[in-house]
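Undergrad: Have a look at the structure that comes next, please.
Please treat every number below as a calculation from the coordinates, not as lab data. All figures in this text were calculated on a predicted structure; none of them were measured in a lab. With ideal geometry, Cβ positions are generated from the backbone for all residues, glycine too; neighbour counts draw on all protein chains shown.
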Amino acid sequence: AQSVTQLGSHVSVSEGALVLLRCNYSSSVPPYLFWYVQYPNQGLQLLLKYTTGATLVKGINGFEAEFKKSETSFHLTKPSAHMSDAAEYFCAVNVANAGGTSYGKLTFGQGTILTVHP
Amino acid sequence: NAGVTQTPKFQVLKTGQSMTLQCAQDMNHEYMSWYRQDPGMGLRLIHYSVGAGITDQGEVPNGYNVSRSTTEDFPLRLLSAAPSQTSVYFCASSRTGDRKNTIYFGEGSWLTVV
């Protein structure tokens, strides 16, 4: 079974400051991890994903995340926040059985609302 | 590029009414699913389908029915709406079950049951 925990339901930063959104996972099989962003009254947009290979993953809008197996973490960062980054962010893990078979399903964290102050 | 299309975007229902949320994708994806989003709970899987004619339950299936008669469409039916079903509903699709595949989401359907 796989699960995801996002630490902090609300994060507030000043424009230009570092953004750090925390995500920890639990998985009995090698995890495939995703970050999605949701702007108000809109759907989910994929920011980035980790499958295999390089543990530092770069995504859209200047975001990146690092997969750390020893810490079971996949934290999302951006060096300099912009007002347009204000949104809700979701970490998710692709659900798979012991044999690695997936059915196109995701298990999500609780979400983190990012507020950016001028 | 239509992607995943959901209708309606907003709906208000009275308790006990029935309705169907429509979902269609034009990417020839095999896998489709429905999630509901509630504050502080992220998204939770309601039902999913791995191909036409094949559906299965997710984490929170009670009160919802689905069918998959075509590859493109995956409607979600509420047979007798309850206030607890007030939520935002998202349809999603992916090309296959390969875990590397991106899962695409629709724009969401905001449902209020009064």
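Undergrad: Using Cβ counts within 10 Å as a stand-in for footprinting exposure, how do B:R36, B:R68 rank, fewest first?
TA: So the residues, fewest neighbours to most, are B:R68, B:R36.
Undergrad: How do A:L48, A:L20, B:L21 rank when sorted from fewest to most other Cβ atoms within 10 Å of their own Cβ?
TA: Values: A:L48 19, A:L20 13, B:L21 22.
Final ranking by Cβ density, sparse to dense: A:L20, A:L48, B:L21.
Undergrad: Enumerate lysine pairs in the protein assembly as shown that are 8 or more residues apart or on different chains, then count those whose Cα atoms are under 28 Å apart.
TA: So the count works out to 22.
Undergrad: Next question, about the same structure. Taking amide H atoms as placed 1.01 Å from N in the peptide plane, list the residues 5 or more away in sequence, or in a different chain, whose amide H sits under 5 Å from that of A:T115.
TA: HN-HN under 5 Å from A:T115: A:V11, A:S12, A:V13.
Undergrad: So if R0 is 35 Å, what FRET efficiency would A:A17 and B:T96 give, r being the distance between their Cβ atoms, rounded to the nearest 0.05?
TA: My answer for the efficiency is 0.30.
Undergrad: Moving to a separate point now. Each residue of segment A:81-88 in turn: what ³J(HN,Hα) in whole Hz from Karplus with 6.51, -1.76, 1.60 and θ = phi - 60°, glycine and Pro shown as x?
TA: Along segment A:81-88, the couplings run 6, 10, 3, 6, 7, 4, 4, 9 Hz.
Undergrad: Here is a follow-up. Provide a whole-number value for the mean count of partner chain Cβ atoms within 10 Å of the Cβ atoms in peptide B:91-104.
TA: 6
Undergrad: Give me the percent of Cα-Cα pairs in chain B that sit more than 26 Å apart, rounded to a whole number.
TA: It works out to 13 percent of all Cα pairs.
Undergrad: Which length gain, in nm to one decimal place, applies between B:Q22 and B:V114 when the Cα-Cα distance is subtracted from 0.36 nm times their residue separation?
TA: Extra length from B:Q22 to B:V114 when fully extended: 31.0 nm.
Undergrad: Considering only DSSP beta bridges with both partners in chain B, what is the antiparallel share in %, to the nearest 5? Intermediate values should be presented prior to the final figure.
TA: Details: 33 of 37 bridges.
So the antiparallel bridges amount to about 90 percent of the total.
Undergrad: Sticking with this one: What is the ratio of the Cα radius of gyration of the protein assembly as shown to 2.2 N^0.38 Å, where N is its residue count, to two decimals?
TA: This ratio for the protein assembly as shown stands at 1.01.
Undergrad: So for each of A:49-60, A:82-93 I average, over its residues, the number of other beta carbons within 10 Å; can you give me the resulting order with the highest mean first? The partial results should precede the final answer.
TA: Details: A:49-60: 13.6, A:82-93: 19.9.
Per-residue Cβ counts within 10 Å, averaged per peptide and sorted highest first, yield A:82-93, A:49-60.
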